[in-house]
Amino acid sequence: MKRLLPISVALFSLALAGCGEESDESPVDGRDFDAQDYSEPRPYTGRVIDGYLRNARVWLDMDGDSQYTPGPMTITNSAGTEITLPNGEPTAMSGEGGEFTLDTTELLQDPSVAPDIDPRDFPLFAVILPGQTLEQTRMGEVVLEDAYMLSAPPGVRNVTPLSTLVRQRRVIGVRDLTATTNDLADALGNVNLLSDYVKSGDHRAHAYARAFARFMASQFPESTATQLRDSDGREWSLSEDAAYLLGVSFVRNALDVVKLVDEAAAAGNYENVDVAGLALPEVPIELEDPLILESQTVLARGEGSELPASMSNLGVSAELVFDYSEDGRVTSITAHGCMMPSLREIARLVNAGGKIADTGTQWMPGISLSQESATFHEIEGPDERLVFDWEEGEAAFETTTSCHPGLASSSALGGTAAISYYWTMSDGRVQSLTASAGDTTERLEPDYQNGTEAFFGFTRKVDGTEEEIMTLSDSLQTCAIDPEDADAALVVSAQQPYTVSGTIPQPEGFSPLALEFDTRDGFLRPLRFGFLDQKMASTAGVENTEGFDWAFYYPFETSNEFVADQPSLVSTAYLNRHGGSRACGREFERMPSAAYARVNYTYQRLSEYLSGLVE
């Protein structure tokens, strides 16, 4: 059952067509009449326009899912009354001149039960059916081979690429272009975004609309387009999340499209702009709307600069902020304070094509224990950045800090990279990952035998010397769980033995080693792994000769933070002194009372992140 939420249409000045009755034709600017004194509706009419579009599927989107919903359909109005529409959302195919007529008689209600439903409270949608929808041009009708979707704000009945821009901005929650000053508003100038620009002969608006339509078609999912090609537009699948993300991407890239049209309109000759020849932005898009890592807050500032410290004495030393493109790929990680990128984590991210959600456990921490980090964190502005260039297969780490002895720093981000990374691929996975810093070259060569999405073995060479070799000596081994611990929030239900060799000094008691996981309910949640890090161990104020453990904690399955299709999202990680081998099948330890560092994770939906970037 869907909830019906009336939406105000007083977003533009609406014209009255006559007291108590509806005009047969909307004004040329696409506005409807005022809802005051509304009575028995005549058929709800309008136009679908790129040029005028014939054979496009049009519907009144009453349940807000951005696609046609057949009947019987039950909705609930603002008074809490359930209303059944036997034939579903009013729908029709557009005809000559793009005109359509929706039968809204089912929206009339028994006044003793509920008030009539006003169609002007809901947005109109239209979808182009590839191979079926025809655009009417001066040269005759042209069959459109690419699918895309149009919409209009509630009460507006010219459904165009321009009205789609207006509605999508409102859906995202940013101000109307007529009520704000920004680059897009300035570029569009006095273009009427709700008009029938074909009828009024506005060639500039028409050129923008054609370019917008082409951009939207380039992002429309191919699988859905295939469904539409063989249908009448009433049976197809596009999730509400996907429709929203398509709209966000359109709004984000609209200015670039407008600029390209303006550049092509020599001396203002918009009528002859070759829209098909424009090099429009090519923007891959992720339509699943996953939760992505927004930030990590690192608490590694110890009392008196000594680590480890009790939880009450650990202060914030850094914050890492993650940036993304529309397809969910990480574009950069910015640190307020200091970080230390992990070669293994970079390799995991590369194996996922840059899409952090596809790594399962997103970005295990790579932190600095330098107490200078907290000093830089307290100064406004970013201090370090890891930037990815996925097309070139490289990344760069920039720093303006003194947290990394022997590593060159710049006076400002954007300068010379302190560390340059590049990778080679084989069978879709990293074959080698090289980090160059001054005269030092560090190379990671993954070993995927017995590996999982969370861990793989590797050889790490420094200037050709095999400094560290991590070998997964067996596959994941399931444990017999202690019956008393079976219902615990986290249980070590599987272990995976591994060895560490090479020139890196190994303290006594560091082996035997085993990765620990909670694999109940089909999950693969890393819980603990031990490692050696000479740089970290030699940091001033850090007393460690035994090695380190990372321990990971996750939301309870009954909590609001738990995500069923992404169950391996870490909520908190702790950096501890290495604790040696432990029994398998036990309840995982409670969060420690003292640690070298605590890292808190914050997530958000990709759509939320992208919406926040819209001006």
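Going by the alpha-carbon gyration tensor, a ≥ b ≥ c the square roots of its eigenvalues, is the range 291-611 rounded (a/c under 1.5) or, if a/c is not under 1.5, prolate (a/b greater than b/c) versus oblate? Here the range 291-611 falls in the rounded category. The ranking of Thr602, Thr334, Thr84 from fewest to most other beta carbons within 10 Å of each one's beta carbon is Thr84, Thr602, Thr334. Each Lys and Arg Cβ is given +1 and each Asp and Glu Cβ -1; about its Cα centre, the range 140-185 then shows a dipole of about 380 debye. Applying 1/(1 + (r/R0)^6) with R0 = 45 Å to the Cβ-Cβ distance of Thr45 and Ser475, what FRET efficiency is obtained, to the nearest 0.05? It comes to 0.10. Label zone (Thr545, point 7 Å along Cα-to-C-beta; backbone nitrogen cut-off 16 Å) within the range 305-334: 308.
Using R0 = 25 Å, the C-beta based FRET efficiency linking Thr331 and Glu615 works out to 0.85. State, to one decimal in nm, how far the label point of Asp389 lies from the label point of Leu108, with both points 7 Å from Cα in the Cβ direction. Reported label-point gap for Asp389 and Leu108 is 6.7 nm. Relative contact order, whole percent, for the range 2-277 stands at 19, derived from Cα pairs under 8 Å and 6 or more residues apart. Once C-alpha pairs closer than 8 Å and six or more residues apart are averaged by separation and normalised to the residue number of the range 294-345, the relative contact order reads 30 percent. For mean projected area of the Cα convex hull in nm², the value calculated from this model appears in (1) 40.1; (2) 33.2; (3) 28.4 under label (2). Extension gain for the segment Glu589 to Gln431, taken as residue separation times 0.36 nm less the Cα-Cα distance, is 53.3 nm to one decimal. For the pair Ser239 and Asp183, a Förster radius of 25 Å applied to the C-beta separation gives a FRET efficiency near 0.20, rounded to the nearest 0.05.
The calculated 222 nm mean residue ellipticity attributable to helices in the chain amounts to -4500 deg cm²/dmol, summing -39500 (n - 2.57) over DSSP H runs of n ≥ 4 and dividing by all residues. Simple point charges give the picture: +1 on the Cβ of Lys and Arg, -1 on the Cβ of Asp and Glu, and for the chain a dipole about the Cα centre of about 500 debye. Comparing Tyr601, Gly353, Gly393 along the charge dipole axis of the range 291-611, the residue lying farthest to the positive side is Tyr601, per the Cβ-charge model.
Sort Phe510, Phe556 by Cβ crowding within 10 Å, fewest neighbours at the top.
Ranked by crowding around the Cβ, least crowded first: Phe556, Phe510.
Computed over neighbours whose Cβ is under 13 Å from that of Thr181, the net charge equals -3, Lys and Arg +1, Asp and Glu -1. For the chain, averaging the sequence separation of C-alpha pairs within contact (under 8 Å, six or more residues apart) and dividing by the residue count gives a relative contact order of 10 percent. Along the charge dipole of the chain, Cβ charges K/R +1 and D/E -1, which of Ser112, Ala126, Leu287 sits furthest on the positive end? Towards the positive end, the residue furthest out is Leu287. Of the GluC sites (Glu not before Pro) found in the range 314-398, those that fall in a DSSP loop while having at most 12 other beta-carbon atoms within 10 Å are Glu380, Glu391, Glu392. For the pair Arg138 and Asp230, label points projected 7 Å from Cα toward Cβ lie 3.9 nm apart.
Positive contributions from Lys and Arg (+1) and negative ones from Asp and Glu (-1), summed over other residues with Cβ under 11 Å from the Cβ of Pro365, come out at 0. Distance from the C-alpha centroid of the range 374-426 to that of the range 268-342: 14 Å, rounded to the whole angstrom. Other residues with beta-carbon under 12 Å from the beta-carbon of Leu246 carry, at +1 per Lys or Arg and -1 per Asp or Glu, a net charge of -4. Our note on the geometry: Cα centres of the range 160-192 and the range 489-522, 55 Å apart.
Estimated at 0.36 nm per residue, the fully extended path between Thr465 and Asp447 surpasses their Cα-Cα distance by 4.8 nm.
When +1 charges are put on Lys and Arg Cβ atoms and -1 charges on Asp and Glu Cβ atoms, the dipole computed for the range 2-277 relative to its Cα centre reaches about 640 debye. Put in line by how crowded their Cβ is, counting other Cβ atoms within 10 Å and starting with the fewest, Ser94, Ser420 read Ser420, Ser94.
Coordinate-derived values only; no laboratory data. The model shown is predicted, which means the values in this text are computed figures rather than measured ones. Neighbour counts are summed over all protein chains in view; Cβ atoms, including those assigned to glycine, are modelled from backbone coordinates with ideal geometry.
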